[in-house]
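Participant: Questions regarding the structure given below will be posed in turn.
The values are calculated or read from the model by the stated rules, or taken from the named source; none is laboratory data. Since the model is a prediction, treat every value here as computed from it, not as a measurement. No Cβ is skipped: glycine too gets one built from the backbone with ideal geometry, and neighbour counts run over all protein chains shown. Ligands, DNA and RNA are excluded from the accessible area calculation, which covers all protein heavy atoms including side chains. Shrake-Rupley method; radii C 1.70, N 1.55, O 1.52, S 1.80 Å.
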Amino acid sequence: MEHIVIIGNGISGITAARHIRKHSDKKITVISAESDYFFSRTALMYVYMGHMKWDHLKPYEDWFWKKNRLELKKAYVSKIETDTKTLHFQEGGSMTYDKLIIASGSTTNTFGWEGLESKGVLGMVTKQDLEQIETYAPNNKECPRAVLIGGGLIGVELAEMLRTRNIEVTFLIREENFWDAVLPEGEAAMISRHIESHGVDLRNNTNLDKIIANDEGKVRAIITKETGEEISCSMVGICTGVKPNITFLEGSGIETDRGILVNRKLETNIQDIYAIGDCVQQREAIGNRKPIEAVWYTGRMMGETVAQTLCGNPFEYNPGHWFNSAKFFDIEYQTYGWVFSDKKEYEAHFHWRHQDDTKCITIAYNKDTHEFLGINTFGIRMKHEVFDRWLSEHQKVDFVIRNLKQANFDPEFYKHYEKDIFNSFKENLQQPQL
Amino acid sequence: MSKIEHNMSMTGDAPASVSTTQKIASALGLLGLFILLLALTNVDFPNKTLFLSLSLGLIAAGTIVFANDAYRGKHAGIKNDGVWLKAFTNRGLSAWVIGIGLTLFYIVLYWFPEYLGLNSEGGNTGVISLFDPLSKLINGNPASQWFVYGTLYTLAILVFGYKFILKYRHNNYEILRTFSVMFFQLGFAFLIPEILIRLNQPYFNPANLWPLNYDLFAGYKIDEFFSSGTLGLMMFAFGILSIFVISPILTYKYGKRWYCSWVCGCGGLAETAGDPYRHLSDKSQFAWKVERWVIHSVLVFVVVMTIAVVYSFLGDDSKDTWLTQDVFLWGAAGFLTLVFALIMIFKRQELAKDAKYGAIGYFVIITAIIGMNYFSGNNQIFFFQGYQLRSWYGFLIGAAFSGVIGVGFYPIFGNRVWCRFGCPMAAVLGMQQRLFSKFRITTNGGQCISCGNCSTYCEMGIDVRAYAQKGENIVRSSCVGCGICSAVCPRGVLKLENGSQDGRINSEEVLLGNDVDLMDFLNQK
Ligand SMILES: Cc1cc2nc3c(=O)[nH]c(=O)nc-3n(C[C@H](O)[C@H](O)[C@H](O)COP(=O)(O)OP(=O)(O)OC[C@H]3O[C@@H](n4cnc5c(N)ncnc54)[C@H](O)[C@@H]3O)c2cc1C
Ligand code: SF4
Ligand code: SF4
């Protein structure tokens, strides 16, 4: 029986395993060093916040794996010998495979600051990171203040976590506004105000210079680059993004750049070895997508695709229209299609914001053809299926604005803003600034 | 096991720990309860009206001040910080104390009302006597233990309803349905029946439907209706109409939530006072299995019991009316057969493996009916009196299950244990909801991140995530449509909707977002 080995029990590895099982009877082994069972990485924050316990993060009950004959192994793969198709474990022992899927995910991205190795300096990517946070920031007596470096989605989650335990948070971001490399200015500014309204000390245009430890090697303060200010703190959260987790592949012959290089069939340069999820770098970017996409949904889609290929229906990875979502404290965010903060030359934006400063949308469209290109929506839920269809149909922006109600996905009895948005759009059109 | 897998409360500070204002508010509320406790120990208050008002007022004020401090002036949004870190909401010591306290209260209420001050002879004493002034004001009679219970129950729904509305004030669905349960509890469940008593009419709560109200067809009740002129007949007619006509129509249009989350008093208490415990429901597949067996057994029990009670009420066939025992029995059997046959013919697919259980339930009832016909005589059903079956039901299900376990164990098993495992009304509405309803929870394309908030906060123990992460709609008989899964979802994935029957039960495994060809390919298979 063909033995398929998957390194990584995250969403990509597990999706691949489940789908291979559905379509075949192959022997499947999933290896991970992080946790016994698949858990939802996206929900790590809720454990610290007390919304959920660890067990709630597991999407499948523990009996599921045995019942579906998915063998789980907890071990760290330290070396891959591709010519003998053998994996070696750090704990000792080895395992052979017929086909190998690497789904090793990401690790925290750092920039080699001085003091990085101090105790209490941590990222927020793994289960072990969560345990560290629980150790260094259990409450506001042990940790009166934490400093977070880098404003992205993980940073804002960490800020929200710490605020639930009344820990003061200083949040250093390089940019003018939170996440404004991705969000257009109006939105980034609104989210920045919202983050501050939750008692976060948001420092824009501020970089980290170095981290200072006390005699026991535990972080005591940080120094900012711009002003040289010393901010004392008991924990430093590194939230400057993630990078593919591929160091264990060194010397294996598997070709990597920033991530594991794959073609559209998700094949690496070595036969019978595939890679999916966060650890992957597309040799050629797909459409407007970045070559490395560290999001949940793409991992899942790659898992679905590679499972087909391995079960004899070779498929290319061909993701549909881009979509994503997040939540910034109390404000939900969804996006469909492309809205660039740094507008492309053909791109125009229509921005609407509610006066309560917790809801807004930005619609991007082609300024010549008026084709609808994408939408960012904050505080209003929208239907994935509808925008996916409109994008495929190349609808015009006027059509989208006129039919926006069809796309609303807010719970029943919620107030609707389509009329407001429509009027605002009409007014905007009358001004020639487009 | 590592710390986070075990339980962080060992080290972690409960983040939203109680503020000074909240402590004072709790003290006020407890003072109100303390007055009741004093009355219980037979302290004879000089001015009962004053002390009763004081007591209820303090309880209300305490809760309101507490809620204001907890939610007012804070951001509107999901307020689940620290739920699993606090003893009170994570089965810690205080949870057990409350649970045991409530359980004892129910035991005394159902079986030892004399300890509350109900005397078989002479006026009330104890805590019941404290409620005499209010009872006389509303229904003209001295209080009973049920009046005391009804008052406290209504008060709880009102003040905790207020708290719930503040907590979910960003969510209009939650606000409206909470106003609705507050209205139905105060008006329909509390005031109307009491005022009817004052007017010398039968006690009747129009919002309490059979089979939840298992006494609706008890002999004494039917006698009461028929001896109360037009109004009594109207009540009886309404009772029948609401089961066979009104409720199926509403469930068809809106799902069982119209009752369970908008009208019902049991649901009302669970949603308001029980809200802090909704996450304690068991989500395992095993619990789901147990649920289906238990709740449908209760349904079978109540149907057989009601048939038996009506059967013995009708008495022997000598009365001169067309509705004889035989007509009734065969009519009931015929009706059930028709319903069963229709379901099997038109809804086999939807039922899938549940069909087997449906068939078992059906045959138990039919056998019971036939048994009644052949083994009964001189008012006996099988070998005992019909009313005995009713009193067993009342003891086991009406009191022990719905009260003692259902409410007493809120802090341990969650707030909807009764609604999920026990309520025969929920079973009937659930079947309708599963098979003939427009209601479903729609999932939003590929947006689910499998975080688990929805499943954790589903009070009915439905593993919502299992559907959402596959992009499948949630069409479950037990869903009471509380809307909390949709509220807590951080990615806007879930929406409660009434829509067309087409594609209501979908089971596309591949989620939106991936290659369209691949999706088509997989869905063909
Ligand atoms: C805090 C946080 C919040 C997020 N929120 C969102 C969100 O809201 N939406 C969204 O779309 N995305 C979100 N993401 C990103 C998303 O979680 C990732 O894209 C996704 O989990 C990647 O899945 P994966 O299967 O590729 O890898 P991972 O989930 O990282 O799994 C890889 C696994 O492989 C194991 N592994 C690696 N190397 C080895 C080895 N040599 N031997 C053994 N085991 C190994 C790792 O320990 C790990 O368990 C979030 C990420 C984080 C950290
Ligand atoms: S599925 Fe959602 S709406 Fe239904 S009972 Fe559970 S939480 Fe409430
Ligand atoms: S809460 Fe929302 S995102 Fe989380 S598992 Fe449920 S449906 Fe998915």
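Participant: Out of (1) of a type in the set (Gly, Ala, Ser); (2) within 16 Å of ligand 1 (Cβ to nearest atom); (3) touching a residue at least 40 places away in the same chain (Cβ under 8 Å); (4) touching a Pro at 6+ places or on another chain (Cβ under 8 Å), the odd one out for B:GLY492 is which?
Facilitator: Of everything listed in (1) of a type in the set (Gly, Ala, Ser); (2) within 16 Å of ligand 1 (Cβ to nearest atom); (3) touching a residue at least 40 places away in the same chain (Cβ under 8 Å); (4) touching a Pro at 6+ places or on another chain (Cβ under 8 Å), B:GLY492 misses just condition (4).
Participant: Strands (runs of 3 or more DSSP E) wholly in the range A:2-109 with at least 2 residues that are within 12 Å of ligand 1 (Cβ to nearest atom) - which ones? Give the derivation first.
Facilitator: On the way: elements: A:3-7, A:27-32, A:70-74, A:77-81, A:86-89, A:94-96, A:99-102, A:106-108.
Once the strands (runs of 3 or more DSSP E) in the range A:2-109 are filtered for at least 2 residues that are within 12 Å of ligand 1 (Cβ to nearest atom), what remains is A:3-7, A:27-32, A:70-74, A:77-81, A:86-89, A:99-102, A:106-108.
Participant: Every residue in the range B:470-487 that is assigned to a loop (DSSP other than H, G, I, E, B) and in contact (Cβ under 8 Å) with a residue 40 or more places away in the chain, please. Break it down into steps so the answer makes sense when it comes.
Facilitator: Here is the first cut: in the range B:470-487, the ones assigned to a loop (DSSP other than H, G, I, E, B) are B:470-473, B:475-483.
Scanning the range B:470-487 gives B:LYS470, B:GLY471, B:VAL475, B:ARG476, B:SER477, B:SER478, B:CYS479, B:VAL480, B:GLY481, B:CYS482, B:GLY483.
Participant: Anything in the range B:492-517 that is farther than 21 Å from B:GLY452 by Cβ and at pLDDT 75 or above? List them, or say none.
Facilitator: B:GLU497, B:ASN498, B:GLY499, B:SER500, B:GLN501, B:ASP502, B:GLY503, B:ARG504, B:ILE505
Participant: Can you say whether B:GLN501 is out of contact with any His (no Cβ under 8 Å at 6 or more places or on another chain) and at the interface with chain A (Cβ under 10 Å from one of its Cβ atoms), as far as the supplied structure shows?
Facilitator: No; evaluated as a whole, the condition is false for this residue.
Participant: As an exercise: evaluate B:TYR110 against (1) in a helix (DSSP H, G or I); (2) modelled with pLDDT of 95 or more and give the number of the one condition it does not meet.
Facilitator: It fails just one condition, (2).
Participant: Does the range A:309-329 contain at least one residue that is in a helix (DSSP H, G or I), within 15 Å of ligand 1 (Cβ to nearest atom) and under 14 Å from A:GLY13 (Cα atoms)?
Facilitator: no
Participant: Of everything in the range A:89-103 that's surrounded by 15 or more Cβ atoms within 10 Å (Cβ to Cβ) and not hydroxyl-bearing (Ser, Thr, Tyr), which residue is farthest from the chain's Cα centre (by Cα)? Let's see the steps before the verdict.
Facilitator: Taking the range A:89-103 and keeping what is surrounded by 15 or more Cβ atoms within 10 Å (Cβ to Cβ), we get A:89, A:95, A:97, A:99-103.
Narrowing further to those that are not hydroxyl-bearing (Ser, Thr, Tyr): A:89, A:95, A:99-103.
Details: A:PHE89: 28, A:MET95: 31, A:LYS99: 27, A:LEU100: 24, A:ILE101: 21, A:ILE102: 18, A:ALA103: 15 Å.
Going through the qualifying residues, I end up with A:MET95.
Participant: Looking for whichever is open to solvent by less than 30 Å² (accessible area, probe 1.4 Å), in contact (Cβ under 8 Å) with a residue 40 or more places away in the chain and more than 14 Å from chain A (Cβ to nearest Cβ) here; the options are B:ASN171, B:ASN139. Which one fits?
Facilitator: Within the list B:ASN171, B:ASN139, the selection yields B:ASN139.
Participant: Could you figure out which of (1) touching a helix residue (DSSP H, G or I) at 6+ places or on another chain (Cβ under 9 Å); (2) not assigned by TED's automatic domain parsing to the domain that holds B:LEU33 isn't true of B:LYS136?
Facilitator: Unmet for B:LYS136, out of (1) touching a helix residue (DSSP H, G or I) at 6+ places or on another chain (Cβ under 9 Å); (2) not assigned by TED's automatic domain parsing to the domain that holds B:LEU33: (1).
Participant: Another question, if that's okay. Go through the residues of the range A:214-227 one by one and say whether even a single one is within 14 Å of another protein chain (Cβ to nearest Cβ), away from ligand 3 (no atom under 16 Å from the Cβ) and either without any contact (Cβ under 8 Å) to a residue 12 or more places away in the chain or open to solvent by 50 Å² or more (accessible area, probe 1.4 Å) (or both).
Facilitator: Within the range A:214-227 (the criterion being within 14 Å of another protein chain (Cβ to nearest Cβ), away from ligand 3 (no atom under 16 Å from the Cβ) and either without any contact (Cβ under 8 Å) to a residue 12 or more places away in the chain or open to solvent by 50 Å² or more (accessible area, probe 1.4 Å) (or both)), the answer is no, since none of the residues qualifies.
Participant: Please go through the range A:316-328 and pick out each residue that is touching a residue at least 12 places away in the same chain (Cβ under 8 Å) and open to solvent by 10 Å² or more (accessible area, probe 1.4 Å). Write out each step before concluding.
Facilitator: Step one: filter the range A:316-328 for residues touching a residue at least 12 places away in the same chain (Cβ under 8 Å), giving A:316-324, A:326, A:328.
Once the filter is applied, which keeps residues that are touching a residue at least 12 places away in the same chain (Cβ under 8 Å) and open to solvent by 10 Å² or more (accessible area, probe 1.4 Å), the range A:316-328 yields A:GLU316, A:ASN318, A:PRO319, A:GLY320, A:HIS321, A:TRP322, A:ASN324.
Participant: Oh, and also: So B:ALA466 clears everything in (1) open to solvent by less than 20 Å² (accessible area, probe 1.4 Å); (2) at pLDDT 95 or above; (3) away from ligand 1 (no atom under 16 Å from the Cβ) except one condition, right? Which one?
Facilitator: The one condition B:ALA466 does not meet is (1).
Participant: Are there any pairs, at least 6 apart or on different chains, whose C-beta atoms fall under 6 Å, with the first in the range A:299-315 and without any contact (Cβ under 8 Å) to a residue 60 or more places away in the chain and the second away from ligand 3 (no atom under 16 Å from the Cβ) and of a type in the set (Ser, Thr, Tyr), and if so, which?
Facilitator: Pairs that qualify, where the first residue is without any contact (Cβ under 8 Å) to a residue 60 or more places away in the chain and the partner is away from ligand 3 (no atom under 16 Å from the Cβ) and of a type in the set (Ser, Thr, Tyr), are A:THR305/A:TYR317; A:PHE315/A:THR305; A:PHE315/A:THR309.
Participant: Look through A:SER35, A:SER106, A:SER78 and report the one residue that is touching a residue at least 24 places away in the same chain (Cβ under 8 Å), more than 14 Å from chain B (Cβ to nearest Cβ), crowded, with 17+ Cβ neighbours inside 10 Å and more than 16 Å from ligand 2 (Cβ to nearest atom).
Facilitator: One residue alone meets the criteria, A:SER106.
Participant: Turning to a different aspect of this structure: For the range A:289-324, which positions are in contact with a His (Cβ under 7 Å, 6 or more places away or on another chain) and closer than 22 Å to A:HIS384 by Cβ?
Facilitator: Residues satisfying the conditions are A:GLY303, A:GLU304, A:PHE323.
Participant: Please determine, by comparing only the residues of the range A:289-308 that are under 16 Å from A:PRO244 (Cα atoms) and part of a loop (DSSP other than H, G, I, E, B), which one is nearest to the other protein chains (Cβ to nearest Cβ).
Facilitator: Looking at residues that are under 16 Å from A:PRO244 (Cα atoms) and part of a loop (DSSP other than H, G, I, E, B), I get A:VAL295.
Participant: Take the range B:276-298 and flag every residue that is open to solvent by 20 Å² or more (accessible area, probe 1.4 Å) and not charged (D, E, K, R).
Facilitator: B:PRO276, B:SER284, B:GLN285, B:PHE286, B:TRP288, B:VAL290, B:TRP293, B:VAL294, B:HIS296, B:SER297
This table checks each residue for (1) more than 10 Å from ligand 3 (Cβ to nearest atom); (2) buried (at least 24 other Cβ atoms within 10 Å of the Cβ); (3) under 25 Å from B:GLY414 (Cα atoms).
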{"site": "B:ILE441", "(1), (2), (3)": "no, yes, yes"}
{"site": "B:CYS448", "(1), (2), (3)": "no, yes, no"}
{"site": "B:GLY452", "(1), (2), (3)": "no, yes, yes"}
{"site": "B:LYS470", "(1), (2), (3)": "yes, no, no"}
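Participant: Starting from the range A:54-65, take each residue that is more than 7 Å from every other protein chain (Cβ to nearest Cβ) and list its partners that are open to solvent by 30 Å² or more (accessible area, probe 1.4 Å) and among the aliphatic types (A, V, I, L, M), counting only C-beta distances under 6 angstrom and pairs at least six apart or across chains.
Facilitator: A:TRP65/A:LEU72
Participant: Something else now. So how many residues does the range A:268-288 have that are more than 8 Å from ligand 1 (Cβ to nearest atom) and within 14 Å of chain B (Cβ to nearest Cβ)?
Facilitator: Selection size over the range A:268-288: 2.
Participant: Among the residues of the range A:394-409, write down those that are touching a helix residue (DSSP H, G or I) at 6+ places or on another chain (Cβ under 9 Å) and over 15 Å from A:THR335 (Cα atoms).
Facilitator: Hits for the range A:394-409 are A:GLN395, A:VAL397, A:ASP398, A:PHE399, A:ILE401, A:ARG402, A:ASN403, A:LYS405, A:GLN406.
Participant: Name the one entry in B:GLU459, B:GLU497 that is surrounded by fewer than 24 Cβ atoms within 10 Å (Cβ to Cβ) and away from ligand 1 (no atom under 16 Å from the Cβ).
Facilitator: Going through B:GLU459, B:GLU497 in turn, the sole match is B:GLU497.
Participant: Report, by residue number, each residue of the range B:251-290 that is charged (D, E, K, R) and modelled with pLDDT under 95.
Facilitator: B:LYS289
Participant: Taking the criterion of being part of a helix (DSSP H, G or I) and not small (Gly, Ala, Ser), would at least one residue in the range B:203-213 satisfy it?
Facilitator: no
Participant: Out of all the residues in the range A:326-348, is one or more touching a helix residue (DSSP H, G or I) at 6+ places or on another chain (Cβ under 6 Å) and polar (S, T, N, Q)?
Facilitator: No, that holds for no residue.
Participant: A further question on this structure: Quick one: count up the residues across the range A:268-288 that are more than 14 Å from the chain's Cα centre (by Cα) and not in a loop (DSSP other than H, G, I, E, B).
Facilitator: Count: 5.
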